[in-house]
Each structure stands twice: as structure tokens, then as C-alpha cells.
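Scroll down for the structure; my scribbles are underneath it.
FYI, it's all coordinate maths here, none of it is from the lab. Small disclaimer: the values here were computed from a predicted structure and weren't measured. Here Cβ is always computed from backbone atoms with ideal geometry, including for glycine, and neighbour counts include all displayed protein chains.
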Amino acid sequence: MAEQLLEIKDLHVGYKTYRGTSKVLDGVHLTVKTGEKVGIIGESGCGKTTTMKTLLRILPTNAVIYEGEVYFKGKNTLRIGKNELNELRRKHIAMIFQDPTAALNPVFKIDTQIIDIIKSSEAHEGKKTEEFKAKCIRLLKEVALPDPERVLGSYPFQLSGGMKQRVCIAMALATPRYLLIADEPTTNLDVTIQDQVLRLIKDIVEKRKLSVILISQALGAVKGFVDKVYVMYAGNTVEVAETKELFSNPLHPYAKGLLDSTPKLTGGGFSEGIKGRVPDYINPPSGCRFHPRCDNILSRCKKEKPPFLDVEENHGVACWRYYKK
Amino acid sequence: MKKIRVFKTIKQSPRWESARRMWYKFSRSPLSMAGLVISAACIFIGLFAPYIVPYPEHAGYFSNYADAFISPFQNSKYPFGTDEYGRDILTRAMLGFQYSLMMAGVVLSLVVAPGVILGLIAGYHKDRWIDMVIMRISDVFIAVPPLVLALSICAVLEPNIFNAMMAVSLMWWPWYARLTYNVSSAMRNEYFVQAAEVMGASTFHIIFKEILPNCLGPILTKVTLDVGWVILIGSALSFVGLGAQPPTPDLGTMVADGGKWMPDFWWMSMIPALGIAIIILAFNLLGDGVRDMLTE
Amino acid sequence: MKMKTYIARRLGFALFSLVGLSILVFYLARVIPGDPVMMMVDPRTPPEVIEELRHALGLDKPLYLQYFFWLEDVFRGDLGFSVYTRRSVTTDVLEYLPISLELVILAALIEVVGAFILGVLAGSHAYKWPDNLVRISSYIGISIPSFVWAIILQLIFAWQLSLFPTSGLLSSNIPSPPRVTGFTSLDSLIAGRFDAFVDVIWHATLPAFALCIGGMTQDARMIRAGMVENKDKEYIAMATSQGLPARLVMFKYLLKPSIIPAVTVMGMDVAAMLGNAFLVEMVFMWPGFSRHAINAMYRSDLNTIVATVMVIGIIFAIVNLITDIIVAYLDPRIRLMERGE
């Protein structure tokens with residue numbers, strides 16, 4: 001039986017802005033078992049990245065963690081000390097960011113950035129520069145970058161988007177890790193490159209037997225890859241199920257609308273999408289955050305937030321319609 | 001009925017909304033508000049100094065040796081003390097404000113419009129010969145630290161406040177040309193400019209109605225900050241004796257004259273020096289606030 | 001484009017500006033004050049003698065020819081004759097310039113080192129007391145002109161507390177070292193005169209601080225602002241997420257991009273320092289180039305004025321060029337991305 005690698009319980013996180021506090025995460029639940037591949041889907045701004053950043057504790061300075069627990073391998077990452085946290089980041093979790101242009105330091109060459117990562121991992125103490133460089137070249141070849149020597153000697157702005165993202169993937173693999181978080185790795189890339197990069201990630205994950213959290217807006221990418229899918233809306237986890245189950249039988253009205261909106265090759269025209277807009281996090285709707293856009297609300301939906309519970313085997317939902325008292 | 005409706009319409013217009021938002025942002029910074037208040041006070045003093053000073057006759061040649069060298073904070077008659085001629089320092093400092101602000105006002109009015117226009121033209125016609133000409137000429141003026149150029153111009157002319165203003169103006173305009181050039185040449189390739197060109201708008205219209213409004217932000221910030229800089233250079237010039245001549249109460253001249261009496265009669269230099277510092281500080285805070293307000 | 005091309009282009013711009021400056025200054029000095037010959041001679045001199053003098057000096061030729069002759073002289077090292085000191089201007093420059101440069105170099109060092117220390121301190125403890133202290137001091141620093149700082153420092157540290165001398169280059173009881181380079185401090189070291197060396201530095205401390213305090217607090221604030229702004233950038237989050245040690249992230253990955261605008265401003269400050277030094281030199285009676293130039297200006301000594309502006313302009317251009325090179329080294333985007341590559 002695979003053990004629990006990551007467990008996020010009821011996470012509440014907000015950002016302080018000059019207009020007020022933006023309460024983004026309003027109760028996020030997530031579990032990942034060792035070797036499991038988990039997907040998270042949801043629209044822009046629903047808190048997917050914030051959740052991941054909270055796990056690694058790399059939130060910006062104006063962020064506030066209100067409540068909630070994040071357990072990685074049994075330890076609460078929100079409470080551990082700096083040294084343990086750094087060890088976590090060095091040896092256990094790696095993250096690939098959404099925008100490779102923003103994720104790479106513009107004033108340092110690629111080789112400096114990769115070598116520093118390798119150097120700070122203890123397993124490589126006492127080695128010489130040539131060995132580091134050789135390792136970098138191997139890494140870049142593994143992510144299918146042509147002409148690794150040139151890439152190593154370049155600055156980030158001299159590379160294309162796809163190349164930069166591959167460099168970021170290489171950096172995530174520079175030292176052995178257990179969990180790979182891929183935060184919308186292809187959203188900022190050209191459509192023609194997206195498929196290549198996704199395939200690359202898939203190969204690497206399979207080869208190294210990593211656990212993965214794949215965040216994406218491309219439902220197709222998620223479908224062909226992960227075991228289990230979470231659906232997030234407005235800072236809440238609203239549904240979770242095994243991939244096949246979710247795509248064939250979505251329960252939450254948002255998930256239904258989302259899957260319905262995807263154009264299908266079988267024809268049948270375009271769907272209407274989901275009416276309404278993403279809520280304002282400074283003044284979020286009361287009760288269930290989806291209720292203003294829902295076609296099917298009960299009076300309870302406006303007043304109380306629905307809990308996130310399993311309503312069928314391995315299929316969880318946060319919606320009053322399914323809550324069997 | 002009609003009046004109220006017009007007001008309402010204005011209040012709902014997007015311009016008003018953005019003005020309100022900018023003011024909200026500005027007013028939340030205590031330093032910027034302090035700058036605004038102090039700058040307003042300085043301008044007030046500058047405008048009405050001759051009418052509100054306690055001893056207007058102390059402005060020029062005046063002597064009352066019985067009251068000379070009184071230290072400040074002693075009595076209410078001369079709150080900031082007197083100089084070697086028995087003239088009230090507070091009065092002369094306030095009149096000095098008037099000169100400093102007048103210099104800033106004159107220089108900036110002379111300099112901003114031509115500098116900005118030249119910068120706009122050069123920016124719009126980027127990489128053509130007119131760009132080269134305008135920018136190279138302004139580069140020449142920028143090649144030398146401002147103070148040196150102002151000094152040398154003043155040195156070959158007769159030292160008085162008018163020539164000082166001319167000298168400072170002459171070497172100040174390139175900075176506005178350069179600022180406007182940087183902003184407008186970046187905007188040159190934006191879509192809204194190309195759209196206007198395609199629609200057949202005249203160059204005049206494009207430069208002044210499309211590009212200029214977008215440059216106003218940095219220009220306004222610079223003007224506000226420049227008030228402080230011009231006053232600084234102006235007081236440096238009069239410190240050296242190339243600006244206002246005694247007995248005109250100019251802050252820089254007063255600092256220089258008071259220097260002879262250091263350290264015993266320190267207030268003769270320090271009070272006007274403090275005056276200079278206050279004006280510059282106020283306009284710097286204001287300028288910072290304006291800059292923060294205009295950058296989202 | 002590579003570094004060399006970048007440098008070559010900057011050099012070209014600098015030269016062009018200097019040529020333009022020389023034309024401007026020459027024109028100002030020759031045309032505006034009126035007839036230079038009349039200023040040199042006794043008004044009672046008969047007109048034939050005046051004409052002869054005019055011809056001998058080449059002042060009856062057209063202006064552009066005069067300019068070229070003057071330029072020729074300059075390249076040969078002849079900057080003209082000083083009506084004020086009755087010596088060649090070149091001699092004056094060589095005597096006084098190094099003394100000013102001593103002061104300026106010391107001030108520049110203090111400014112750069114001080115700005116880095118204060119700026120990093122404020123940036124790494126953002127919103128806490130070191131940061132607030134630095135911010136307040138930057139407002140004070142920029143509002144007070146350097147000559148006012150000079151007076152304040154002189155009043156407090158020299159007059160009241162007697163910690164530093166009030167004026168001059170060397171104390172009266174210490175003989176000056178034999179002149180080798182013209183830099184009194186260097187000459188002291190060369191002659192092995194440690195006492196003179198320390199004495200010069202002691203005398204230079206207050207004026208140097210007066211020159212650089214305003215700029216130093218500004219630069220510190222810019223470094224602080226850069227660090228705070230970049231702290232929340234994605235690439236710092238990424239570096240932290242990789243588990244790099246916090247010190248490494250702060251002092252390498254955060255610092256380098258944050259100091260770029262500050263370095264540009266620092267360079268401009270240092271470049272302008274020689275020109276701004278005269279006020280401080282006057283207050284502290286530092287026998288330097290700028291003070292000499294002011295005195296020459298009082299005497300309407302045109303040749304010295306022209307030479308002063310040119311010397312200051314050249315040094316300004318050189319320092320700016322060096323700054324541009326340093327910035328280009330720090331930020332590869334500048335040298336590699338010009339003209340929309």
C-alpha cells in the first residue's frame with residue numbers, strides 16, 4: 001500500500017493588498033500518495049499556484065497563511081524550521097514554474113544557475129568545475145536540448161520559450177527528488193511546443209518514478225497522464241476523482257460546465273460556457289463561492305459553504321446537492 | 001435640475017474615477033501628504049512674502065546696529081535672530097523663499113515646453129536626421145555636470161539673478177528633451193500610433209493628441225522634483241556670488257555671507273541653509289508621491 | 001553585439017559630445033564677453049597697437065579658424081595663458097587638479113562602499129528599523145545641498161567637537177612631501193612620510209563626506225528599493241524553491257539585478273563630483289582645482305574657464321564611460337539587446 005506523501009488540509013491563504021485582504025484560498029484539500037500522479041484543473045486565478053507556493057513556502061511578502069496544515073512525509077511544512085525546510089526543497093520537492101521567462105534570473109548565465117543548484121546539494125561536495133559542467137550537459141541532453149554547450153553559456157533572454165522551459169525542467173531534475181510539481185508548464189508556450197514539453201515531462205516522470213502534481217488548463221494533457229484529478233474553483237477544492245471517473249461522470253456543477261466547454265471532435269457545436277465571472281476575492285460570495293454562477297442552487301448554498309466529502313468511492317465533491325445527511 | 005445631472009455625469013466619467021483613484025493612492029502615503037502640505041506652504045510664503053513678513057524694510061540696505069547679532073529663539077521680536085546689520089533673519093529668509101521659488105518658476109516655464117516639444121519631435125522621427133541633430137545637441141549639454149556649465153555661463157556674463165536664470169535655463173532644457181524622447185520613441189511603434197497614421201491623422205495631431213498625453217506622467221514627476229533641483233543650483237550659484245547680489249535676500253547669498261561669521265554666529269548661515277533644505281525636501285517628497293501615484 | 005563593439009560605440013558618443021562641448025564653450029568664451037583684446041589692454045592704447053596685437057594673437061581671423069588653432073594648441077598641451085595667475089593654464093591645471101582628484105576619489109570610495117552597506121542592510125531587513133533609518137536619512141540627504149552639508153559638518157565636527165581640522169590640506173606643522181605625482185597622499189607614501197599621508201586623509205575626511213553624503217543616501221535607497229522590488233519576483237521564488245541557501249539567494253541572485261539602477265546613478269554622481277567639488281572646496285579652503293577655477297571666474301580669466309570646463313567634461317565623459325561598461329557587465333541585456341535584437 002503506497003504511503004501518504006503529501007496531505008494538504010483545509011488551507012486558507014490570503015494576500016494583503018491596498019484595497020483590502022484578498023482571501024484567495026478558502027479551504028483547499030489535497031492528497032498525493034507516493035508514486036501517484038495527480039492533476040489539478042481550474043481557471044486562472046483560482047489558487048492553484050498559491051497552494052503550491054504555500055507548500056514550498058515561497059509566497060510573496062504580502063501573503064498571509066490563516067489556517068490549515070500541510071503535511072509532507074508526516075511533517076507539517078508550515079511549522080518546520082529553516083534548515084529542515086531547505087532540506088525539503090533541496091531533496092524532496094521540485095517545482096517547474098508557469099512562466100519560464102520570469103523563473104530564470106535574467107542576469108546570470110544558465111550554467112551558473114544550474115551549477116549552483118548542484119553545488120548546494122551535499123552529494124556533490126568536493127568535485128571540480130569540469131565535472132559539474134559535464135553533469136549540466138548530461139541534464140540538458142536529457143531534456144532534449146540541442147547544442148547544450150551553447151545553451152549553458154547563454155543568458156535566459158537569448159533562448160526561446162520552449163528552450164527556457166526545458167532548462168527549468170532540467171533544473172528541477174538536477175538533483176534527485178521525490179515529488180515534481182509542474183505548474184501549467186505549457187501554458188506560456190507556443191501550441192506546437194506544448195505537446196513536446198508535455199511528452200518530455202511524461203517520459204521523465206516515468207523514467208525516474210516520481211510522484212507528480214500536474215497543474216494545467218489543458219484538460220487533454222491532464223487526461224492522458226494522471227491517475228487522479230482535482231478540480232479547483234475560487235480557492236476551493238470542489239471535486240476529486242480518478243481521471244476516468246471524473247471525465248465520464250463529473251458531479252460538481254462547475255466541473256460539469258468545464259468539461260462541457262471543451263470543444264469535442266465529435267461535433268455538436270460549441271457549448272455556452274459557464275455564465276458569470278470569477279469572484280472578487282476581496283469580497284467573495286457568501287456560502288458556496290460558486291453559487292452566483294450555478295443554475296441549480298438551494299437556499300443553503302448562499303448561506304453555508306459545503307464541506308468537501310466523498311460521496312462515492314474515491315469521488316469527493318463540495319456541493320450541497322450531493323450531501324446526504 | 002440640469003446642473004445636477006451634469007455634475008453627476010462628470011462624477012461617473014472614467015477620468016474622474018481615475019483621478020479619484022490616484023488621489024486615494026497619493027493620500028495614503030503620509031510622506032507624500034507632508035510634501036504636499038509643506039510645498040503648498042512654501043509656495044504661499046513665496047507668493048505673499050512681502051505682505052506677511054514682520055520687517056519688510058529689512059529686505060535691502062538697512063542697518064540697526066543696536067539689534068545686530070541677536071541669537072535666535074531668544075525673544076519674540078526676532079525669532080530667528082539678526083545678522084550683522086541688525087536685519088531680521090526670518091524676514092530675509094522668507095523673502096529668500098520668494099526668490100528661490102521665482103527662479104524655479106521662471107526656469108521651468110522657459111524650459112519645459114521647448115524641451116518637451118523637441119523631445120517629441122525627435123522621438124516621433126526616431127532614427128531620421130532630425131532625431132540625430134536634436135539629440136546630439138542635447139547630449140552636448142548633458143555631457144557636463146549642470147553646475148559647471150551654469151557656472152561658466154554665469155562667469156562670462158554679469159553676475160545677477162536674471163543671468164543666473166538664463167544660464168540655468170540654457171542647460172536645463174536638454175533633460176526634458178531627453179526624457180520626452182525616451183518615452184515617446186518607445187511609444188512610436190505602439191499600435192495606437194500606427195492606427196492614427198493609417199487613418200490619416202496629421203503629424204501634429206499624432207504628436208500632441210496621441211503621444212503627448214502618455215508622456216505627461218513622467219514629465220509632471222520631473223517638473224515637481226526639478227523645483228528642488230533648480231533651487232539647489234540657484235542657491236549654489238548665489239553662494240558663489242554669481243546669482244543674486246547683496247543686499248538682495250537670497251538664501252544662497254545669505255549662507256555665503258553668514259559663512260564669515262562661523263562658528264560663533266552660526267544662525268546667519270544655518271537658518272537660510274535650513275530654509276533651502278526644507279524647500280528641497282518638500283518638493284522631493286511631493287515629487288516622489290506624484291511618481292508613485294502615476295505608476296500603477 | 002559584443003562588449004568591444006558596445007565600448008566602441010559609447011566611446012564614439014563621448015567623443016562626439018566632447019567635441020560639441022568644446023565648440024560651445026569656445027564660442028561662449030570668445031563671443032559673449034565682447035572683444036577679448038580690449039579686455040586685455042589698457043584703454044588708452046593707440047588703435048594701431050591694438051590691431052597689431054589682434055593680428056599677432058590671430059584674433060582677426062574668422063571664428064572657425066580660431067577654433068581650429070585653439071584645438072591644435074590644446075592637443076599640443078597648450079591651454080593658453082592665464083590672466084589670473086600669469087602662468088600657463090596647463091601648469092595651473094597640473095598643479096591643482098590632482099589635489100581635487102584626491103578629494104573626489106576619497107569621496108567616491110566612501111559613497112560606493114557606504115551606499116552598498118546601507119542599502120543591503122536596509123534591503124535585507126525591509127520594513128524594520130534599519131530600513132526606516134536608511135529611508136529617512138535618504139530624504140534628509142537629498143534635501144541638503146553639498147555646501148550646506150559642508151557647513152554643517154564643519155560646524156559640528158570641526159568647530160564644536162574639534163575632531164577634524166576646519167580647513168586646508170595639511171596641518172601647518174607638517175611639511176609637504178616632495179612633489180612626484182601631484183597627489184599629496186601618494187607623494188607622501190612614495191617619500192615614506194606616513195605622518196603626512198595620515199594628515200592629508202584626516203583633512204580630507206570632512207570635505208569628502210560633505211561631497212558624498214547626499215548621493216550615498218540616495219544610492220542606498222535605490223539599492224534597497226531594488227532589493228524589495230525583486231524579492232517577490234518569480235526567479236527568486238524559484239531559486240528559493242530549489243533549496244539554495246538563503247545567503248546565496250540574497251547576496252548573489254537578489255543583489256545583482258537589484259543594484260543595476262543604483263550603479264548607474266552612482267556613476268553619474270561620481271562623474272559630476274569634480275564639478276560639484278568647488279563649493280565644498282571653498283568652505284574647507286581645500287586648495288584644489290575647482291576652487292582655483294572659481295577664483296579665475298571672478299577674474300574673468302577666460303582661458304582658465306574654458307580649460308576648466310573641458311577638463312571637467314573629459315573626466316565626466318570618462319567616468320560615465322566606465323560606469324556604462326560596469327553596468328553592461330552587470331546586466332547582459334543592455335549590451336546584447338540594443339536596437340531590438
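Worth pointing out:
- Sites A:Asp260 and A:Val64, calculated FRET efficiency, Cβ-Cβ separation with R0 35 Å, nearest 0.05: 0.45
- DSSP-loop GluC sites (Glu not before Pro) across region A:288-318, with at most 10 other Cβ within 10 angstrom: A:Glu313
- When the Cα positions of B:Ser202, A:Leu30, B:Phe283 are compared along the charge dipole of the protein assembly as shown, A:Leu30 comes out farthest toward the positive end, with charges on each C-beta of Lys, Arg, Asp and Glu.
- Kirkwood Rh (inverse of mean 1/r, distinct Cα pairs), the protein assembly as shown, angstrom: 33.1 Å
- Model label zone, C:Ile325; criterion: amide N under 14 Å from point 7 Å along Cα-to-beta-carbon; scope region C:1-30: C:3-12, C:14
- Computed from the C-beta positions of B:Arg128 and A:Ala144 and an R0 of 30 Å, the FRET efficiency is 0.05 to the nearest 0.05.
- Within chain B, the whole DSSP H helices whose Cα atoms reach 18 Å or more along their own axis and whose mean Kyte-Doolittle score is at least -1.0 are B:30-52, B:89-124, B:129-142, B:161-187, B:212-240, B:267-294.
- Cα-projected label distance for A:Arg277 with A:Lys73, points at 7 Å along beta-carbon direction, nm: 4.5 nm
- Other residues with beta-carbon under 13 Å from the beta-carbon of B:Asn284 carry, at +1 per Lys or Arg and -1 per Asp or Glu, a net charge of +1.
- When you restrict to C-alpha pairs under 8 Å that are six or more residues apart and normalise by the size of region A:1-48, the relative contact order lands at 39 percent.
- Rg and Dmax of chain C, based on Cα coordinates, read 24.3, 89 Å.
- Calculated FRET efficiency, A:Lys127 to C:Arg76, Cβ-Cβ distance, R0 = 56 Å: about 0.40 to the nearest 0.05.
- Sorted by Cβ density within 10 Å, fewest first, the residues A:Cys136, C:Cys212: A:Cys136, C:Cys212
- Charging the Cβ of each Asp and Glu at -1 and of each Lys and Arg at +1, and nothing else, the dipole of the protein assembly as shown about its Cα centre rounds to 3960 debye.
- Residue among C:Pro130, C:Pro46, C:Pro165 with the largest mean-square fluctuation in a Gaussian network model of chain C, springs linking Cα atoms under 10 Å: C:Pro46
- Rounded to the nearest 10 degrees, the inclination of helix A:161-173 to the longest alpha-carbon principal axis of chain A is 80 degrees.
- The distance between label points at B:Arg28 and B:Met199 comes to 3.5 nm (points 7 Å beyond Cα on the Cα→Cβ vector).
- Ranked C:Leu274, C:Leu254, criterion: other C-beta atoms within 10 Å, fewest first: C:Leu254, C:Leu274
- Taking a span of 24 Å or more along the helix axis (Cα atoms) and a mean Kyte-Doolittle hydropathy of at least 1.6 as the rule, the DSSP H helices of chain C that qualify are C:89-124, C:302-330.
- Values of log10 I(q)/I(0), in the order q = 0.06, 0.10 Å⁻¹, for chain A under a Debye, Cα-only, solvent-free model: -0.22, -0.62
- Rh (Kirkwood; distinct C-alpha pairs) - chain B, Å: 21.6 Å
- Between the exposed loop cleavage positions of chain B, defined as trypsin sites (Lys or Arg not before Pro) in a non-H, G, I, E, B DSSP state with at most 14 neighbouring beta-carbon atoms within 10 angstrom, the longest gap is B:129-259.
- Gaussian network model of chain C, Cα within-10 Å springs - most flexible of C:Leu244, C:Leu65, C:Leu121: C:Leu244
- Relative contact order [Cα under 8 Å, 6+ residues apart], chain C, whole percent: 25 percent
- Selection of GluC sites (Glu not before Pro), region A:5-54, meeting DSSP coil and at most 15 other Cβ within 10 Å: A:Glu43
- Rounded to the nearest 500, the helix-only mean residue ellipticity at 222 nm of the protein assembly as shown stands at -19000 deg cm²/dmol, with each DSSP H run of n ≥ 4 adding -39,500 (n - 2.57).
- C:Met268 versus C:Tyr127: modelled label distance in nm, points set 7 Å from Cα along the beta carbon direction: 3.0 nm
- GNM result for chain B, Cα springs below 10 Å: residue of B:Val144, B:Val183, B:Val111 fluctuating most strongly: B:Val144
- Neighbour counting of Cβ atoms within 10 Å sorts the residues B:Trp266, B:Trp23, B:Trp129, fewest neighbours leading, into B:Trp129, B:Trp23, B:Trp266.
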